[in-house]
Amino acid sequence: MALFKSFLLGDVRKSVANVTMYAGANGYSIARGKRSTVRNPKTPGQLTQRAKLKALEETSRYFAPAAALGFPGRKGGRTFYNAFVQNNMEAVTVDENYVPTVDHEKLKCAAGSLQNSKVTVTVNEESHKVIVSQEAQTRWNAVANPTDVLHVVVYEKTGKTMIVEPCRSRQEAGSTSIAMDEGWSKENLVFYAFMLSKDKRKASNSVVVQPE
């Protein structure tokens, strides 16, 4: 920036090349250089990030029943929607046209330090039921309390609907039957499992369970 008085130009207000001039105080004119480059707010990286965020913001609405339970202990006013998006950036890919694709096998609907439990899922399409089988756990520690409860999520990809079913505690062995909604078929279902403490303040990382 430069200050000057010009009897030839007077109070000049215009641009010449990469210099802009305008009137200042006490009869002085001010010359200021223009920026040689303009920051592009639409770089490939930014467009990719925006596409991912948009896809996850939409997906979070359908996963809200699970995410509301699966992301406890949030701090600083963060919502479970924020936590869902933050934990699932790697589950979205973006093509050369910035069209996002969500990989449901990589999605997380819960996150935390609790230990997961052994679980198997069987789909009986004739009776239209999902059978969840659990093994009893007998060893306990800071991340595995006997009263922690297994939660199984059944997500139907075409209709974008889900069931969140609390099953048995760690200390119990047995099976839980979940009735599927009308029109659901096995090939369109994704199953997630996570543990939740009795007071619902701690969770495990969710895992995808392949049906047997």
Could you pull out which residues in the range 180-207 have an amide N less than 16 Å from a spot 7 Å beyond the Cα of Lys157, following the Cα-Cβ vector? 184-192
The lysines whose Cα lies under 29 Å from the Cα of Lys118, excluding any fewer than 8 residues away in the same chain, are Lys106, Lys108, Lys129, Lys157, Lys160, Lys186, Lys198, Lys200, Lys202
Output ³J(HN,Hα) for the range 122-130: one whole-Hz value per residue in order, computed from phi by the Karplus curve 6.51 cos²θ - 1.76 cosθ + 1.60 with θ = phi - 60°, and x for Gly and Pro. 10, 9, 10, 6, 5, 8, 6, 9, 10
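Give me the percent relative contact order of the range 44-208, please, defined on Cα pairs under 8 angstrom at least 6 residues apart. Before the final figure, lay out the partial values.
Numbers: 324 pairs, mean separation 41.5, N = 165.
Across the range 44-208, relative contact order equals 25 percent.
So if I place +1 on the C-beta of Lys and Arg and -1 on the C-beta of Asp and Glu, and nothing else carries charge, what would the dipole magnitude of the range 44-208 be about its Cα centre? I want it in debye, nearest 20. It would help to have the intermediate numbers written out before the result.
Values: 21 positive and 18 negative charges, 184 e Å.
Around 880 debye, computed over the range 44-208.
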Distance in Å, no decimals, from the C-alpha centre of the range 74-140 to the one of the range 171-212 is 9
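Every read-out reported here was derived from the displayed coordinates using simple, explicitly stated rules and does not represent laboratory data. All figures in this text were calculated on a predicted structure; none of them were measured in a lab. Because the Cβ atoms are built from the backbone with ideal geometry, glycine has one as well, and the counts that use them run over all protein chains shown.
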